[in-house]
Amino acid sequence: MDIPDGYFRYSGVDIGSGGQTGHPAAMCFLAVSPDLKKGFIYKGWRGNKLEITTADDVLTKYREKKSYDNLHGEAYDSQSKDFHTFADRSGETFQKADKDQERGCQIINMLFKNKMLFIFDIPELQDLVDELETLSSQAKKQKARDDFIDAMRFAVMLVPWDFSGIAMNFIIEP
């Protein structure tokens with residue numbers, strides 16, 4: 001499926017060092033309808049445990065994946081000061097990601113539950129789907145396999161979602 005004209009596009013990047021001791025880098029691209037009521041994860045990437053990546057490597061991969069997309073917001077994990085420096089020098093307009101994990105998970109769950117967020121069924125996003133299906137709420141953050149989810153969460157939290165339509169689903173009794 002192609003993204004219709006007029007959709008807003010956002011991205012999130014979780015910078016990782018990869019290798020045996022680090023966690024993989026990941027990036028996620030999100031398109032949101034003009035009424036802010038529907039979003040599509042339409043492309044992304046996650047590194048692997050075998051390759052070591054630098055902040056510059058991740059930025060290079062990001063720019064390759066971004067291609068000609070005109071983004072309304074770009075968020076990155078502010079733990080990587082080098083990534084922000086490289087990104088600024090190359091003309092990218094990243095802002096620090098909102099890393100409130102609990103609030104981010106609540107928003108993502110609400111979006112999925114109310115059929116407001118979808119993931120394209122393409123091979124490059126299969127790792128994201130796998131992470132979403134297997135991540136345990138009991139997993140310790142340092143050990144969790146959630147790099148792709150983090151990148152998605154960073155992008156999702158940039159959007160001023162319109163949840164007004166779902167309020168009509170609730171019945172308040174006196």
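The values are calculated or read from the model by the stated rules, or taken from the named source; none is laboratory data. This structure is a prediction, so every number in the text was calculated from the model and none was measured. Glycine gets a Cβ as well: all are built from the backbone with ideal geometry, and neighbour counts include every protein chain shown. These area figures cover heavy atoms from the full protein model, side chains too; ligands, DNA and RNA do not enter into them. Shrake-Rupley method; radii C 1.70, N 1.55, O 1.52, S 1.80 Å.
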**Message:** Quick check on my filter: what residues within the stretch 135-161 are in a loop (DSSP other than H, G, I, E, B) and modelled with pLDDT of 95 or more?
**Reply:** 157, 158, 159, 160, 161
**Item:** Residue in the stretch 99-115 that is most open to solvent (accessible area, probe 1.4 Å), counting only those that are closer than 11 Å to residue 156 by Cβ and in contact with a helix residue (DSSP H, G or I) (Cβ under 8 Å, 6 or more places away or on another chain)
**Value:** 110
**Message:** Within the stretch 1-119, considering only strands (runs of 3 or more DSSP E) that don't extend past its boundaries, which have at least 3 residues that are on the phi < 0 side of the Ramachandran plot and of a type in the set (A, V, I, L, M)?
**Reply:** 26-32
**Item:** Answer residue from the stretch 1-38, given it is of a type in the set (A, V, I, L, M, F, W, C) and over 19 Å from residue 157 (Cα atoms) and is most open to solvent (accessible area, probe 1.4 Å) among those
**Value:** 1
**Prompt:** Any idea which of (1) in contact (Cβ under 8 Å) with a residue 60 or more places away in the chain; (2) under 20 Å from residue 108 (Cα atoms) is the one residue 7 doesn't satisfy?
**Reply:** (1)
**Asked** When only residues in the stretch 44-70 that are of a type in the set (A, V, I, L, M) and open to solvent by 30 Å² or more (accessible area, probe 1.4 Å) count, which is modelled with the lowest pLDDT?
**Response** 50
**Asked** So is residue 41 of a type in the set (A, V, I, L, M), buried (at least 22 other Cβ atoms within 10 Å of the Cβ) and either touching a residue at least 12 places away in the same chain (Cβ under 8 Å) or touching a Phe, Trp or Tyr at 6+ places or on another chain (Cβ under 7 Å) (or both) or not?
**Response** yes
**Message:** Kindly evaluate residue 119 against the criterion of being among the β-branched types (Val, Ile, Thr) and at pLDDT 95 or above.
**Reply:** yes
**Scope the stretch 98-114; condition over 17 Å from residue 73 (Cα atoms) and within 12 Å of the chain's Cα centre (by Cα); matching residues** = 105, 108
